[in-house]
Amino acid sequence: MTYDVVVIGSGPGGYSAAVRAGQYGLKTALIEKQQRLGGTCLLVGCIPTKSLLHTADVWEYFKNPEAEGIQCRDPQLDYAKVLDRKNKIVTKHSKGIDFLMRKNKVDVLKGHARLQGNGRIELKSDKGTETVEAKNIILATGSEARMIPGLQPDAKQILTNIEILDMPAVPKSLGIIGAGAVGVEFASIFNRFGSKVTILEMLPRLVPVEDEEISKELEKHFKKTGIRIEAGAKAENIRKNEGSVSLTATLANGNKEEMEFEKLLVAVGRKPNTDSVGLENTKAEVDRGFIKVDGYQRTAEPGLYAIGDVVAGTPQLAHVATAEGMAAVAHIAGKPVRPINRSRIPGATYTDPGIGSVGLSEAQARAQGFQVKVGKFPFAGNSKATILNKHEGFVKVIADERFGEILGVHIIGPEAYELISEAVTAMEAEATVETMMSTIHAHPTIYEAIGEAFNNVDGMAINI
Ligand code: NAI
């Protein structure tokens, strides 16, 4: 039997593509080498970290109940139960994907897939080796943590996003190399659980992909809560000791400092899983491990598509993988396709305060020659933020002066990763600053801050 579509990899990109292919009535199979479906995002990424972050948010309320007028003597964090809750959430949703596969008549094939070219896939599993044939293949094999040369994660002292999720207890001290989304999210979790956290970032600021003012604001609040931040720093000579890790840090001012942590998280980016999938048997073009695709996610090999973290030129985010999967399947099924628009991809970083962003940063907009106008509104002027006791941060709108085009929106503050959806929708619908100024925002809500930031593009905010 020849499948219409075989998807390799069951992360958010892969399983969503398989569901959509099933919905279109295509004969579809999903191949996964791991025991459970869900990929990095569900099993060891987005979902378990957000479970821990939620617990950190709740724990924070318990640590400072007086602020709410509540007496709560001697609250305890039962970390084993925290992990158990996280694991149950992962299991529930992994089973949910099993259900979705059955519902959409997708065959799930377990094993390691290797492309053979011309629509043939070698599938190796405990049961042996077989060949699967497909008219179309969607490669969605994801990525894994990049390591600093010479280091190996070991579940004891040197950790990646995987091992850190299952530490049996909260470490007394945690060093983090890299201040991208992975680094800052774990800093935010374990600082609030009580670890002494130090971040070493090579570039001059935290979350370097974000607008500069967002980085500054995050740094301010991280420092206030006791996180040590060394940006522009280099970590060398990393040594494992009995029960700890040491390293030599060269700080931004050139000074060298010996540092020692109970655990060290390495969060310096991710490399695409394209080494062992047989790309050499195809015509697909690869650039430093990333696969080149067109607007329909087609590679140079006829009938081979690639989506998600393996793709060159789009950010490694779960929702990007899903959107790319939708484009690939629509193209296969002959349906209308909207290729990914890079300037409308939301970023969502789950720190405290949280970050949500879309479109150009102020510096990028200026560099591209726009006549930039900026509207900012601080959550300090938002009554719902006061009620939530979450006053930090702001909304920043980047607009083009000529026609009021919205170029970017950057939010740091309460629920920023949820709030950003309004900006994404506005940009997708090509709303202007004027449209957003006359959009009615319910009161009292934190998203009123977005309306006020748009008002403030012309200095017209009401509440500051
Ligand atoms: P990243 O590429 O976002 O950040 C890595 C950071 O490490 C960079 O700031 C880089 O300058 C720094 N770095 C690299 N080498 C270094 C060194 N030797 N010493 C010190 N610093 C060094 O990678 P990250 O955080 O590992 O995340 C991987 C991917 O997963 C990203 O694309 C990220 O967007 C995504 N992700 C998204 C999340 C979200 O949207 N909430 C959560 C977690 C990951």
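The values are calculated or read from the model by the stated rules, or taken from the named source; none is laboratory data. In this text the structure is predicted, and so the values were computed from the model without any measurement. Positions of Cβ are generated from backbone atoms using ideal geometry, with glycine treated the same way; all protein chains shown enter the neighbour counts. With ligands, DNA and RNA removed, areas are computed over all heavy atoms of the protein, side chains included. Shrake-Rupley method; radii C 1.70, N 1.55, O 1.52, S 1.80 Å.
Restricting P204, P153 to residues that are under 28 Å from Y79 (Cβ atoms), within 14 Å of the ligand (Cβ to nearest atom), open to solvent by 10 Å² or more (accessible area, probe 1.4 Å) and in a loop (DSSP other than H, G, I, E, B) narrows the list to P153. Taken together, the residues in region 274-288 that are open to solvent by 20 Å² or more (accessible area, probe 1.4 Å) and either in a strand (DSSP E or B) or touching a strand residue (DSSP E or B) at 6+ places or on another chain (Cβ under 6 Å) (or both) amount to 4.
Might you check whether a residue that is assigned by TED's automatic domain parsing to the domain that holds C46, within 16 Å of the ligand (Cβ to nearest atom) and more than 22 Å from T432 (Cα to Cα) occurs anywhere in region 333-346? Within region 333-346 (the criterion being assigned by TED's automatic domain parsing to the domain that holds C46, within 16 Å of the ligand (Cβ to nearest atom) and more than 22 Å from T432 (Cα to Cα)), the answer is no, since none of the residues qualifies.
Taken over region 9-27, the residue count meeting the criterion of being over 13 Å from D107 (Cβ atoms), in contact with a strand residue (DSSP E or B) (Cβ under 6 Å, 6 or more places away or on another chain) and not in a helix (DSSP H, G or I) is 0.
Of the residues making up region 346-368, those that are out of contact with any strand residue (DSSP E or B) (no Cβ under 7 Å at 6 or more places or on another chain) and more than 30 Å from N389 (Cβ to Cβ) are A363, Q364, A367, Q368. Inspect all residues belonging to region 156-173 and state whether any of them is open to solvent by 10 Å² or more (accessible area, probe 1.4 Å), within 19 Å of C41 (Cα to Cα), of a type in the set (A, V, I, L, M, F, W, C) and assigned to a loop (DSSP other than H, G, I, E, B). Yes, because at least one residue in region 156-173 is open to solvent by 10 Å² or more (accessible area, probe 1.4 Å), within 19 Å of C41 (Cα to Cα), of a type in the set (A, V, I, L, M, F, W, C) and assigned to a loop (DSSP other than H, G, I, E, B).
When you scan region 352-371, do you find a residue that is within 16 Å of the ligand (Cβ to nearest atom), at pLDDT below 95 and within 22 Å of the chain's Cα centre (by Cα), even just one? The answer is no, given that none of the residues of region 352-371 is within 16 Å of the ligand (Cβ to nearest atom), at pLDDT below 95 and within 22 Å of the chain's Cα centre (by Cα).
Within region 439-447, none of the residues are at pLDDT 95 or above and not in a loop (DSSP other than H, G, I, E, B).
Cβ-Cβ distances below 7 Å connect the following pairs, each with a first residue in region 81-110 that is open to solvent by less than 70 Å² (accessible area, probe 1.4 Å), a second residue that is among the polar types (S, T, N, Q), and a separation of six or more residues or different chains: V82/T55; K86/S51; I89/S51; I97/S10; N104/Q23; V106/T28.
Selection of region 1-27 for residues being of a type in the set (S, T, Y) and surrounded by 22 or more Cβ atoms within 10 Å (Cβ to Cβ) yields Y3, S10, Y15, S16.
If you go through region 23-54 and pick out every residue that is within 16 Å of the ligand (Cβ to nearest atom) and out of contact with any Cys (no Cβ under 7 Å at 6 or more places or on another chain), you end up with 16. For region 312-329, the criterion of being in a strand (DSSP E or B), within 14 Å of the ligand (Cβ to nearest atom) and among the polar types (S, T, N, Q) is met by none of the residues. Scanning region 251-265 for residues that are crowded, with 17+ Cβ neighbours inside 10 Å and either of a type in the set (G, A, S) or within 12 Å of the ligand (Cβ to nearest atom) (or both) yields L264, L265. Looking across region 388-433, the residues that are out of contact with any helix residue (DSSP H, G or I) (no Cβ under 6 Å at 6 or more places or on another chain), assigned to a loop (DSSP other than H, G, I, E, B) and either in contact (Cβ under 8 Å) with a residue 24 or more places away in the chain or not small (G, A, S) (or both) come down to K390, E401, R402, F403, E415, E430, A431.
Here V268 clears all of (1) among the aliphatic types (A, V, I, L, M); (2) open to solvent by less than 20 Å² (accessible area, probe 1.4 Å); (3) farther than 30 Å from G303 by Cβ except the condition numbered (2).
In a residue-by-residue description of region 331-351, the property of being open to solvent by less than 20 Å² (accessible area, probe 1.4 Å) and more than 14 Å from the chain's Cα centre (by Cα) applies to no position.
What number goes with the only condition from (1) surrounded by 14 or more Cβ atoms within 10 Å (Cβ to Cβ); (2) without any contact (Cβ under 8 Å) to a residue 60 or more places away in the chain that E66 does not pass? That leaves (1) as the condition not met. Exactly one residue out of T198, T225 is more than 14 Å from the ligand (Cβ to nearest atom) and of a type in the set (V, I, T), and it is T225. Within region 211-249, restricting attention to residues that are within 30 Å of S361 (Cα to Cα) and among the small types (G, A, S), the residue that is surrounded by the most Cβ atoms within 10 Å (Cβ to Cβ) is S215. Apart from one condition, L123 fits all of (1) within 16 Å of the ligand (Cβ to nearest atom); (2) part of a strand (DSSP E or B); (3) closer than 19 Å to Y15 by Cα; the exception is (1).
Looking only at residues that are in contact (Cβ under 8 Å) with a residue 60 or more places away in the chain and in a helix (DSSP H, G or I) in region 28-51, which one is surrounded by the fewest Cβ atoms within 10 Å (Cβ to Cβ)? Per the criteria, the residue is K50.
A quick yes/no check of all residues on (1) of a type outside the set (S, T, Y); (2) at pLDDT below 95; (3) closer than 23 Å to V329 by Cα:
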site: P12; (1), (2), (3): yes, no, yes
site: I31; (1), (2), (3): yes, no, yes
site: Q35; (1), (2), (3): yes, no, no
site: C41; (1), (2), (3): yes, no, yes
site: L52; (1), (2), (3): yes, no, no
site: A67; (1), (2), (3): yes, yes, no
site: D78; (1), (2), (3): yes, no, no
site: V90; (1), (2), (3): yes, no, no
site: G96; (1), (2), (3): yes, no, yes
